[in-house]
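This report concerns only the one structure given below.
The values are calculated or read from the model by the stated rules, or taken from the named source; none is laboratory data. Model, not experiment: these values are computed from the prediction. Reconstructed Cβ throughout: ideal geometry from the backbone, glycine too, with neighbour counts over all protein chains shown.
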Amino acid sequence: MHALANPARFLRLARPATGWLLAVGLLFAIGGMAAGLTLTPPDYLQGDTVRILYIHVPAAWLGMAGWVGIAAAAVSQLVWRHPLAAVAGRASAPAGATFAFICLATGSIWGRPTWGTWWEWDGRLTSMLILFFLYLGYIALASAERERGGEGRIAAIYGLVGAINLPIIHYSVLWWRTLHQGQSISITGGSTIDNAILWPLPLTVIGFTCLFASAVLMRIRAELAEAKVEARQRRMAGA
Amino acid sequence: MSGWPFVIAAYAVAVCALAALLLWARASMRRAEAAADALVRK
């Protein structure tokens, strides 16, 4: 990670990676969604609404992964003073917030035919909504701190404190057994969903992850270019 | 009750939100990099 501390070195890797991640992400996401809509059978109980799984699950994982990224960037900034850490944290937030929003919206749409309600103050739903609001707070705080010329330390501390919500989201289905189902998909295997329905999910997970990474790289590049312009303008004003 | 209207609505929300994120991120990146390049050329 310290090898990427030099912005010029980072950009040499980020420029080609942005396009590649976007292309691979679109390919896998479109392929996975198309397969999920056309090639899998309907669920015996939920019928066709089970197809929402292919976008809801990766969105939920990436909504949480975005905050893991913010927390990791915060540690990197506060402990090692990595020069790109604050930029990476700020860049992760819009993508994470978007995926948290997709998770909440698709979950609500899925809940109406399945549970008979658009919303319930269930542990999983409420903790995910809190994550979305945490993202909005982080975006506002980090941009306000940046405008005032701060190093982003307050936003970093906020990012670390907000990470407390991640285990709450994960274990909410065990701690409060209300409406949301328990864990039925595991990366390490042992999923309770049949493979005939499950197989397009890895495609959308890979696709959405690449799109997430591409959006984060685009935001990092934008922030680095803006910082370059600001630094040059300051030098020109001082000359 | 057919599930398809809910499926279509969920996919539409996801695709629109993702497209908005990527278009905004790409536009802000291109704008910022163009401004930086223009300043370097000055």
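For the reader, a short list of remarks on this structure follows.
- Test for residue A:150: is it more than 26 Å from residue B:19 (Cβ to Cβ) and either free of Cβ contacts under 8 Å to residues at least 40 places away in the same chain or touching a Leu at 6+ places or on another chain (Cβ under 8 Å) (or both): yes
- From A:173, A:205, A:216, residue being β-branched (Val, Ile, Thr), touching a residue at least 40 places away in the same chain (Cβ under 8 Å) and either in a loop (DSSP other than H, G, I, E, B) or touching a Ser or Thr at 6+ places or on another chain (Cβ under 8 Å) (or both): A:216
- Search result, residues across region A:119-148 that are at pLDDT below 95 and within 14 Å of chain B (Cβ to nearest Cβ): A:143, A:146
- Qualifying position, being more than 24 Å from residue B:18 (Cα to Cα), crowded, with 19+ Cβ neighbours inside 10 Å and of a type in the set (A, V, I, L, M, F, W, C), among A:93, A:74, A:59: A:74
- Failed item in (1) under 13 Å from residue A:201 (Cβ atoms); (2) in contact with a Pro (Cβ under 7 Å, 6 or more places away or on another chain); (3) assigned to a helix (DSSP H, G or I), with residue A:40 passing the rest: (3)
- Yes/no for residue A:18 being more than 24 Å from residue A:165 (Cα to Cα), under 18 Å from the mean Cα position of the chain (by Cα) and of a type outside the set (A, V, I, L, M, F, W, C): yes
- The lone exception for residue A:151 - which of (1) more than 14 Å from chain B (Cβ to nearest Cβ); (2) part of a helix (DSSP H, G or I) it fails: (2)
- Residue A:237 out of contact with any strand residue (DSSP E or B) (no Cβ under 9 Å at 6 or more places or on another chain), more than 11 Å from chain B (Cβ to nearest Cβ), in contact (Cβ under 8 Å) with a residue 40 or more places away in the chain and part of a helix (DSSP H, G or I): no
- Selected residue (criterion: farthest from the other protein chains (Cβ to nearest Cβ)) from residues of region A:201-214 that are among the polar types (S, T, N, Q) and within 14 Å of residue A:58 (Cβ to Cβ): A:209
- Within region A:215-231, the set of residues being within 7 Å of chain B (Cβ to nearest Cβ) and closer than 15 Å to residue B:27 by Cα comprises A:215, A:218, A:219, A:221, A:222, A:225, A:226.
- Enumeration of residues in region A:178-200 that are modelled with pLDDT of 90 or more and either within 14 Å of chain B (Cβ to nearest Cβ) or assigned to a loop (DSSP other than H, G, I, E, B) (or both): A:197, A:199, A:200
- Unmet criterion (only one of (1) β-branched (Val, Ile, Thr); (2) under 15 Å from residue A:216 (Cβ atoms); (3) surrounded by fewer than 24 Cβ atoms within 10 Å (Cβ to Cβ)) for residue A:87: (3)
- Test: residue in region B:15-24 that is surrounded by 14 or more Cβ atoms within 10 Å (Cβ to Cβ), more than 7 Å from chain A (Cβ to nearest Cβ) and over 23 Å from residue A:228 (Cα atoms): yes
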